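The values are calculated or read from the model by the stated rules, or taken from the named source; none is laboratory data. Bear in mind that the values here come from a model prediction, so they are computed numbers and not experimental data. Every residue, glycine among them, receives a Cβ derived from its backbone with ideal geometry; neighbour counts consider all protein chains shown.
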Amino acid sequence: MNQQTRDRVDTAAIGLIRPDRVGAPAPHTRIRRFTTAAWLVATGTQFAVWAMIIMVTLDWENPWWLWTFIPGALVTAAVYRLTELDLQSRGRKY
């Protein structure tokens, strides 16, 4: 058996013993992805509406979407930092 075959067998064995470990993202990864996606969708939607208002009215409107962009960036950064600290305190990486 070559190394590639051994790796496939090991992956299959891990999948039988712990199916949650193979192919599924870790909880830390899921919360990071969710937070980032929610922030980007909210900000992107508000930016698109803001841009449409400017194009339709041909008048400059204050960029009110920044009220979502800046706090959302801070929350996302805090989530990344807290999950990274949790992973370091547990002594493992996902």
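For Ala42, indicate whether it is in contact with a Gly (Cβ under 8 Å, 6 or more places away or on another chain), among the aliphatic types (A, V, I, L, M) and surrounded by 13 or more Cβ atoms within 10 Å (Cβ to Cβ). Can you show your working first?
Details: in contact with a Gly (Cβ under 8 Å, 6 or more places away or on another chain): yes; among the aliphatic types (A, V, I, L, M): yes; surrounded by 13 or more Cβ atoms within 10 Å (Cβ to Cβ): yes.
Yes; evaluated as a whole, the condition is true for this residue.
When you scan the range 45-54, do you find a residue that is within 27 Å of the chain's Cα centre (by Cα), in a helix (DSSP H, G or I) and modelled with pLDDT under 65, even just one? Break it down into steps so the answer makes sense when it comes.
Residues of the range 45-54 that are within 27 Å of the chain's Cα centre (by Cα), as a first pass: 45-51.
Applying the additional criterion that residues be in a helix (DSSP H, G or I) yields 45-51.
Restricting the remaining residues to those that are modelled with pLDDT under 65 gives none.
No; the residues of the range 45-54 include none that is within 27 Å of the chain's Cα centre (by Cα), in a helix (DSSP H, G or I) and modelled with pLDDT under 65.
Report whether or not Gly15 is at pLDDT 85 or above, part of a helix (DSSP H, G or I), in contact with a helix residue (DSSP H, G or I) (Cβ under 8 Å, 6 or more places away or on another chain) and surrounded by 13 or more Cβ atoms within 10 Å (Cβ to Cβ).
Considered against the rule, which asks whether it is at pLDDT 85 or above, part of a helix (DSSP H, G or I), in contact with a helix residue (DSSP H, G or I) (Cβ under 8 Å, 6 or more places away or on another chain) and surrounded by 13 or more Cβ atoms within 10 Å (Cβ to Cβ), Gly15 comes out as no.
Identify all residues within the range 55-72 that are of a type in the set (A, V, I, L, M, F, W, C) and part of a helix (DSSP H, G or I); write none if there are none.
Of the residues in the range 55-72, the ones of a type in the set (A, V, I, L, M, F, W, C) are 55-56, 58, 60, 64-67, 69-70.
Within the range 55-72, Met55, Val56, Leu66, Trp67, Phe69, Ile70 qualify.
Checking Val75 against (1) under 26 Å from the mean Cα position of the chain (by Cα); (2) of a type outside the set (S, T, N, Q); (3) part of a helix (DSSP H, G or I); (4) at pLDDT below 90, only one condition comes out false. Which one?
Val75 satisfies all of (1) under 26 Å from the mean Cα position of the chain (by Cα); (2) of a type outside the set (S, T, N, Q); (3) part of a helix (DSSP H, G or I); (4) at pLDDT below 90 except (4).
Name every residue in the range 51-81 that is under 17 Å from Arg30 (Cβ atoms), surrounded by 13 or more Cβ atoms within 10 Å (Cβ to Cβ) and not β-branched (Val, Ile, Thr), in order of residue number.
Passing the criteria: only Tyr80.
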